[in-house]
Structures are given as structure tokens and as C-alpha cells.
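Everything on this sheet refers to the single structure shown next.
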Amino acid sequence: MQVQYLEIVTPDVEATCKALANTHGVTFGDPIAALGGARTASLGNGARIGVRAPLRADEEPVVRPYVLVDDIQEAVEQAEAAGATIALPPMELPGEGTCAIYILGGIDHGLWQN
């Protein structure tokens with residue numbers, strides 16, 4: 001299993017990026033529209049971390065790992081069969097890949113297909 005994208009949703013994007021950059025020596029780029037305006041940094045293994053503000057008033061802060069899968073539709077079906085609620089069905093992010101989100105046990109889980 002490989003975490004492809006680690007998403008942090010926070011009301012304080014600048015402070016979070018600064019803390020992560022100082023602590024871990026990563027460099028964050030400009031906001032990427034396809035990722036909800038997230039500022040991203042490479043983690044060196046092909047994975048990225050993204051920090052963005054909530055996209056709607058009721059979106060709570062969250063840290064959500066997106067695990068790389070070969071077939072996102074199949075992975076969503078397996079998660080649903082295991083009792084997960086699908087919060088976001090597979091959605092293409094132009095130039096980035098396809099993501100999906102499910103909730104199981106009160107935890108947000110992300111899936112990512114390149």
C-alpha cells in the first residue's frame with residue numbers, strides 16, 4: 001500500500017505550510033485549482049502532501065490519506081461492500097488523476113488512481 005496524496009484541510013493554510021516546511025524541509029508550490037486550491041509539496045517518493053482551506057462552510061478540518069489503487073471503481077465497490085459510506089464517488093481531477101472518498105468507522109479514507 002502506498003499513500004499517493006496526503007490532504008490536509010485547515011482554516012490556516014499558510015501557518016500549516018510554514019510549519020511543515022520548517023519541520024520537514026519540504027517546499028510548497030502555488031495553489032493548484034484541480035486540487036481545491038491546495039498548495040502541494042513533493043515527498044520524494046512520487047507522493048505529495050497538499051494543504052488547502054475548506055471548500056464549503058461545513059467542511060471540517062481533516063487529514064485524509066489517499067491510497068494508490070490500480071482500479072478505483074473496484075476499490076470503491078470493495079469499500080462499500082465492507083460497510084463504507086461513499087462520500088465522493090470517483091472523480092477525475094484534470095492533470096492529476098482520479099480520486100474518491102469513503103467514510104468507515106468515522107474516518108475519511110481516500111483512494112487515488114493515476
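Nothing in this text is a laboratory measurement; each read-out follows from the coordinates by a stated rule. These figures come from a predicted structure and were not determined experimentally. Here Cβ is always computed from backbone atoms with ideal geometry, including for glycine, and neighbour counts include all displayed protein chains.
Placing +1 at every Lys and Arg Cβ and -1 at every Asp and Glu Cβ, with all other atoms neutral, what dipole size does the chain have around its Cα centre, in debye to the nearest 20?
440
Can you sort Asp108, Asp58 by how many other beta carbons sit within 10 Å, fewest first?
Asp58, Asp108
Among bridges DSSP assigns within the chain, what percent are antiparallel (round to 5)?
So the antiparallel bridges in the chain amount to around 75 percent.
Consider a paramagnetic label point 7 Å from the Cα of Met1 along Cα→Cβ; state which residues of the range 46-87 have an amide N under 11 Å from it.
Backbone N within reach: 65-68.
Which of the GluC sites (Glu not before Pro) found in the range 34-114 are in a DSSP loop and have at most 13 neighbouring Cβ atoms, other than their own, within 10 Å?
Glu59
I need to check one value: relative contact order of the chain, counting alpha carbon pairs closer than 8 Å and at least 6 residues apart, in percent.
That works out to 27 percent.
Mind sorting Arg64, Arg48 by how few other Cβ atoms lie within 10 Å of their own Cβ, fewest first?
The fewest-first ordering by Cβ neighbours comes to Arg64, Arg48.
Mean shadow of the chain, computed from the convex hull of its alpha carbons, in nm²?
Averaging across all directions leaves 7.2 nm² for the Cα convex hull.
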